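For reference, the structure discussed in these notes is given below.
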Amino acid sequence: MTKLPQVFHDRVVRALKHAGFYVLREGKHISMTNDKHLVIIPRHHTIKPGTLKHILDSAEISPEQFKDLL
């Protein structure tokens, strides 16, 4: 299993956009969807590995796919 890094929230948003997601709304959190999955991304300076894992699970993206999208 691939160890997940700490990443900035804007890199997570960019990677999800490459995976076909788009932004629904923005505020303290960013809501993104691909019309099948809804993903909520906190606007923290960095996203910790545990939080990133939950985001990727919600989006049904593997850690390996995520690293390729970065």
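Summary of computed values
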read-out: The lone exception for Val23 - which of (1) under 11 Å from the mean Cα position of the chain (by Cα); (2) more than 18 Å from Pro5 (Cα to Cα) it fails; value: (1)
read-out: Residue in the stretch 17-37 that is in a helix (DSSP H, G or I), of a type outside the set (Val, Ile, Thr) and either touching a helix residue (DSSP H, G or I) at 6+ places or on another chain (Cβ under 7 Å) or surrounded by fewer than 16 Cβ atoms within 10 Å (Cβ to Cβ) (or both) present; value: yes
read-out: Residue match in the stretch 42-53 (condition: assigned to a helix (DSSP H, G or I) and either modelled with pLDDT of 95 or more or touching a helix residue (DSSP H, G or I) at 6+ places or on another chain (Cβ under 9 Å) (or both)); value: yes
read-out: Where His44 falls short, out of the listed (1) under 18 Å from Pro5 (Cα atoms); (2) surrounded by 14 or more Cβ atoms within 10 Å (Cβ to Cβ); (3) more than 9 Å from the chain's Cα centre (by Cα); (4) not small (Gly, Ala, Ser); value: (2)
read-out: Subset of the stretch 9-27 (residues that are in contact with a Ser or Thr (Cβ under 8 Å, 6 or more places away or on another chain) and closer than 16 Å to Asp68 by Cα); value: Phe21
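The values are calculated or read from the model by the stated rules, or taken from the named source; none is laboratory data. Since the structure is predicted, the reported quantities are computational estimates derived from the model, not experimental observations. Note that each Cβ is placed from the backbone with ideal geometry, even for glycine, and that neighbours are counted across all protein chains shown.
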